[in-house]
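K.L.:
First, the structure itself, so that you have it in front of you.
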2 protein chains.
Amino acid sequence: MSSLPTGPGPTTPPPALPEGALRVVALGGIGEVGRNMTVFEFGGRLLIVDCGVLFPEDDQPGVDLILPDFRAIEDRLEDIDGLVLTHGHEDHIGAVPFLLRLVPDLKIYGSRFTNALLAAKAKEHRQRPNLIEVREGEHRKVGAFDLEFFAVNHSIPDALAVAIRTPAGVVLHTGDIKLDQLPLDGRLTDLAGFSRLGDEGVDLFCVDSTNAEVPGFVMPERDIGPVLDDVVRKVDQRVIVACFASHVHRVQQVLDAAVRHGRRVAFVGRSMVRNMGIAADLGLLNVPDGLLVNLDQAGDLPESKVLFVSTGSQGEPLSALSRMARGEHRQISIRSGDTVVLASSMIPGNETAVFGVVNGLTRLGANVVHQGNAKVHVSGHASAGELLYLYNAVRPSNVMPVHGEWKHLRANGELAVRTGVAPENVVIAEDGVVVDLVDGKASRTGRVEVGHVYVDGLSVGDVGESTLSDRLVLGEGGFIAITVAVDTNTGRAVTRPTVSGRGFSDDPKALDAVLPMVEMELARTEAEGITDTHRIAQAVRRVVGRWVADTYRRRPMIVPTVIPV
Amino acid sequence: MSSLPTGPGPTTPPPALPEGALRVVALGGIGEVGRNMTVFEFGGRLLIVDCGVLFPEDDQPGVDLILPDFRAIEDRLEDIDGLVLTHGHEDHIGAVPFLLRLVPDLKIYGSRFTNALLAAKAKEHRQRPNLIEVREGEHRKVGAFDLEFFAVNHSIPDALAVAIRTPAGVVLHTGDIKLDQLPLDGRLTDLAGFSRLGDEGVDLFCVDSTNAEVPGFVMPERDIGPVLDDVVRKVDQRVIVACFASHVHRVQQVLDAAVRHGRRVAFVGRSMVRNMGIAADLGLLNVPDGLLVNLDQAGDLPESKVLFVSTGSQGEPLSALSRMARGEHRQISIRSGDTVVLASSMIPGNETAVFGVVNGLTRLGANVVHQGNAKVHVSGHASAGELLYLYNAVRPSNVMPVHGEWKHLRANGELAVRTGVAPENVVIAEDGVVVDLVDGKASRTGRVEVGHVYVDGLSVGDVGESTLSDRLVLGEGGFIAITVAVDTNTGRAVTRPTVSGRGFSDDPKALDAVLPMVEMELARTEAEGITDTHRIAQAVRRVVGRWVADTYRRRPMIVPTVIPV
């Protein structure tokens, strides 16, 4: 239990930024896991780090994606000097196409693989972004900001941390990070570079909080190889391995196991095929000639000679793996003795879906190997032990935990304190909270408005809290619609009312009582001389709502329509 | 990887039960976690073990409870000799009031605490069930069935296993079980009794599968005591402990810690107050005089002198704890430095809700202690190591894993095989699969229909799959309603169409294009001489549905109403 400053922070707009000071505002990614986007301001100029999406929760039905809220910068688009992408995961690059709609010529700085993934995504949006390749060790001046990039190890190749130098001081932003000391590609997180920067003096350290609550250290990625090898070796039927479609090193180890045991490999799922193609083209994935087959060719091979690498490790209902678990996949039907490996984490909120897939596969006779019964996954984010290394290397004056929910941010802040950072120099700032670095001291000075921006189908932002609240009511209880045409001179109904319900009951007689009740109410409103259609509709809503609450103890939406004739 | 018989099993109705054979059918609880209910049949007579509820998932919106499907027995109610309740958890007793509606004079056999909890529940349903108290060690003839009861340790006091003897053989049903070797109340699971029964010969062993995938052993419940004590000792502000409202031994340890550190205790939440009252009355919970205070009294005490024991450990949105996390609780507002202990598991599917509560409390400044950062919970179900003890004690001829999803059932079956049970004598039978014990061999012989029976508000069963599917559509996309009155002689619209959408868009202009489109379509149907209101409605639905899919790429429900005048 520490003495960290707690509570959600200021609620009022920030003061004007003092000259020579640096301002930091997250428009997403703090207080939540996803849609990472942090805006740095110095001397009237802006630098953005990352621009990702968040995936919706159950209380956001029908939503496809959630974007960072651009309102805080939408009047200052011409002040943006550039966008830095730390790596190619969706929660860091997924919202870029939406930002490009506002700033088509935005200068985007990323590593080779990050830029390649973004280019592929932008192509789907028919955009050709202005991509500038940067690499570890490189210094680059971007407008008012002097940037330096550092190699970082994560669950995707070619990730970067970025140092941002301005006259206000030095900021180091880790992006997503871990400290695998035996990385598959030999590309270590540049702890030595961080130490050197620490010698120089880091004024503000923005640190990945995802696993701050997890004690100890993440096992090396390469330790998964022998486990996968063991599974493939023992099995003489089909093997299906599901993992994230951007986890090149995980897939590499699966391919290596397939090669060793004489299996050909088919990629399943659009994003898997696309990303592994990009990785192979860039030399990040080593695919021996003749190893890959397509799904039709795979179907012709003996069961002991094929291995599938599939998407769907999070139980996504439309994914190939979910369709296999339901027995609905066109080309792959699970048979007793097949082996399915979920070489992936379970993102919080996806548990029910993932377990549903595991149960479906098990029911069909598959042996399912997963994180719970074998070491087939390691996290991409530093655990507490690794974070201590980072703090001790960087020795920052101020710390701002990023990437995480409140419990993660706070746990991360407490780690900083244990390495000697003063508790009052740890700033916990959820989305929208303004942090100013003034004379070497970071503090929360105000708050800008940050909401959820929903993408549903083709449109952005028209689905808001009011629509979602209606959807929740409709989803819980359906609706009862009552329609009647009324003569607005007399207030008399000129048709019999129509009553229909959807999502209310399977019983065709469930609403039989409504019609006479509405007719009686209409007789009453007519007798009282009420001719206003709105008032008549309100009266109908009231009487039906009361009846359904009393009779069923339910709260469907009551939708009266009174047509004036 | 074992050679267990796999696949979901037969799909056809079972043959007639041979004379002298025993039939077993689960109407709930196998292939899922919850609504446990198993029916045993011998010589035309029926014995039921447990009758619980299942809590709904996200794809069952608006549903309050899910009941076992009584259809398989509803024509044979007079054949039921009795209902045995193994313990008082909701997933074992929650559906009894609904079965009592069909069989009001049902003979119900349960332990003292189980019966007391059921009596309290039945009272809310204005029922007075015929409760017969049984206890461990007791033999009792119930119609065609000779029963023997065994003490069992679980996360609620006074749990029982039951042996069912008929001329077809001996069945042992564990109920929910674990093997805490240092139980708080000294009441061990009767492994010696199981061994004695094993000497006699157990023909069918129905075994709790919940934790079959978890290696090793469950830590003793009493080891939580010192952890709780440590938390309470270190804190000088308020302490709030949330746990299940039936976990008497957990609450006992909290009370003991409060006593040691001079804190008074207030129970928060209706079920907590009720159940702990019952437990104290029966001598199962030791409450020193003067320890308890009510919420108002608690508010008057110094913060270091009070401890709250609350419901809400699963993140239930209406619970006291969730309201505290949102800052909406009337009497308890969380302050920086308060300590909240979640002394409970996280039931799969509740993760997001629980983490939401943890983040809300953390954001307000509370220190949150939970399973993830302290040993404040142990499971109530035997892990794999304990299950091996059970199999080795009982040495059954046939095994039928119960209480669990497919992955649990299969893991449990594999444990049985490892202790020497022949793989072909392990029957994995999901809900509705009929298992017959004939001449000492159990096998799956058929299937009876078993569906989900939903309780929504006051009514049972009228909400079915069609209503739920409508709710899912409405919840994802809302609806667009178009209403028009049409002269059925001419097919001409006599009003302008009314267009309204709910749960579709926050943008008031989103549906502006619909009215002219519908008017054009109505002109077309009129011109074609279409006067049938159903056909006109279909035409309107088609044109609006196509437009919304093209324009928005969304699928709201389209609800056309054509009123004949």
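The values are calculated or read from the model by the stated rules, or taken from the named source; none is laboratory data. None of these values were measured; they are calculated from a predicted model. We place every Cβ from the backbone using ideal geometry, glycine too, and count neighbours over all the protein chains shown. Calculation scope for accessible area: heavy atoms of the full protein, side chains included, ligands and nucleic acids excluded. Shrake-Rupley method; radii C 1.70, N 1.55, O 1.52, S 1.80 Å.
K.L.:
Please state the shape class of chain B: rounded when a/c is under 1.5, otherwise prolate if a/b exceeds b/c and oblate if not, all from the C-alpha gyration tensor.
P.N.:
It comes out oblate by the Cα gyration axes.
K.L.:
Explain nothing, just compute: Karplus ³J(HN,Hα) = 6.51 cos²θ - 1.76 cosθ + 1.60, θ = phi - 60°, for every residue of the range B:19-33 in order, whole Hz, x for Gly and Pro.
P.N.:
Those phi angles translate into 4, x, 9, 10, 10, 10, 9, 8, 8, x, x, 10, x, 7, 10 Hz.
K.L.:
Can you pull out the trypsin sites (Lys or Arg not before Pro) in the range B:329-376 whose DSSP state is coil and whose Cβ has at most 10 other Cβ atoms within 10 Å?
P.N.:
For trypsin sites (Lys or Arg not before Pro) across the range B:329-376 that sit outside H, G, I, E and B with at most 10 neighbouring Cβ atoms in 10 Å, the list reads B:Arg330.
K.L.:
Go ahead and estimate [θ] at 222 nm for chain B from helices alone: -39,500 (n - 2.57) per DSSP H run with n ≥ 4, summed, over the residue count, rounded to 500.
P.N.:
That calculation yields -9000 deg cm²/dmol at 222 nm.
K.L.:
Output the antiparallel fraction of DSSP beta bridges having both residues in chain A, as a percent to the nearest 5.
P.N.:
Taking every DSSP beta bridge with both residues in chain A, the antiparallel ones total about 55 percent.
K.L.:
Let me ask you something else. Shortest first, in nm, what separates the label point of A:Asp487 from those of the same position in the other copies (7 Å along Cα→Cβ)?
P.N.:
Nearest to farthest, the other copies are at 1.7 nm.
K.L.:
Counting only protein chains, not ligands or nucleic acids, how are A:Glu449, A:Glu148 ordered by accessible area (probe 1.4 Å), most first?
P.N.:
Largest accessible area first, the list is A:Glu449, A:Glu148.
K.L.:
Normalised by the number of residues in the range B:29-176, what is the relative contact order in percent for Cα pairs under 8 Å and 6+ residues apart?
P.N.:
Here the relative contact order equals 19 percent.
K.L.:
Probe 1.4 Å, all protein chains in place: accessible area of B:Met557 in Å², nearest 10?
P.N.:
Accessible surface of B:Met557 is approximately 10 Å².
K.L.:
Scan the range B:461-549 for trypsin sites (Lys or Arg not before Pro) in coil per DSSP, keeping those whose Cβ has at most 14 other Cβ atoms within 10 Å, and list them by number.
P.N.:
Answer by residue number: B:Lys509.
K.L.:
If you don't mind, another one. Going 7 Å from Cα along the Cα-Cβ axis for the label, what nanometre distances separate A:Ile132 from the same residue across the other copies?
P.N.:
The answer, with the shortest distance listed first, is 8.5 nm.
K.L.:
May I ask which residue of chain A has the beta-carbon nearest to the axis carrying chain A onto chain B, and at what distance in whole Å?
P.N.:
Of all Cβ atoms in A, the one closest to the rotation axis yields A:Gly475, 1.
K.L.:
Still on this structure, I have one more. Straight distance only, please: which aspartates and glutamates reach the Cα of A:Lys305 with their own Cα at less than 13 Å, same-chain residues fewer than 8 apart left out?
P.N.:
Partners found: A:Asp236, A:Asp338.
K.L.:
According to the square roots a ≥ b ≥ c of the eigenvalues of the Cα gyration tensor, what is the shape class of the range A:1-104, taking rounded for a/c under 1.5, prolate for a/b larger than b/c otherwise, and oblate for the remainder?
P.N.:
oblate
K.L.:
Moving to a separate point now. Pairs to check: B:Lys178/B:Lys375; A:Lys121/B:Lys509; A:Lys178/A:Lys375; A:Lys375/B:Lys234; B:Lys107/B:Lys441. Give those whose C-alpha atoms are more than 26 Å from each other in this structure.
P.N.:
Long pairs (Cα-Cα over 26 Å): A:Lys121/B:Lys509; A:Lys375/B:Lys234; B:Lys107/B:Lys441.
K.L.:
Still on this structure: Among the trypsin sites (Lys or Arg not before Pro) within the range A:1-102, which fall in a DSSP loop and have no more than 16 other Cβ atoms within 10 Å of their own Cβ?
P.N.:
A:Arg76
K.L.:
Something else now. If we hang a label 7 Å off Cα along the beta carbon direction at A:Gly464, how far is it from the matching labels on the other copies, in nm, shortest first?
P.N.:
Label point to label point, same position, other copies: 4.2 nm.
K.L.:
Something else: Using a probe of 1.4 angstrom, how much of the accessible area of the range B:465-564 is carbon and sulfur, in percent?
P.N.:
Result for the range B:465-564: 50 percent of the exposed heavy-atom area is carbon or sulfur.
K.L.:
Note down the relative contact order for chain B as a percent, whole number, built from C-alpha pairs under 8 angstrom at least six residues apart.
P.N.:
17 percent
K.L.:
Give me the accessible area of A:Ile482, 1.4 Å probe, in Å² rounded to the nearest 10.
P.N.:
About 0 Å², rounded to the nearest 10.
K.L.:
Related question: What shape does the range B:212-344 take by its C-alpha gyration tensor, where a ≥ b ≥ c are the square roots of the eigenvalues and a/c under 1.5 counts as rounded, a/b above b/c as prolate, and the rest as oblate?
P.N.:
Rounded, because the longest to shortest axis ratio a/c is under 1.5.
K.L.:
If you don't mind, another one. Which residues does a label at A:Lys234 reach in the range A:314-351, if reach means a backbone N under 15 Å from a point 7 Å past the Cα toward the Cβ?
P.N.:
Label zone hits: A:337-342.
K.L.:
What nm value, rounded to one decimal, do you get for the distance between B:Gln127 and B:Asn286 when each label is placed 7 Å out toward the C-beta?
P.N.:
3.6 nm
K.L.:
Another one. Over the range A:221-370, what is the relative contact order in percent, taking alpha-carbon pairs closer than 8 angstrom and at least six residues apart?
P.N.:
28 percent
K.L.:
A further question on this structure: Going 7 Å from the Cα of A:Leu318 in the Cα-to-Cβ direction, what parts of the range A:266-300 have a backbone nitrogen less than 19 Å from that spot?
P.N.:
Backbone N within reach: A:268-275.
K.L.:
At a probe size of 1.4 Å, how large is the accessible area of A:Asp199, to the nearest 10 Å²?
P.N.:
110 Å²
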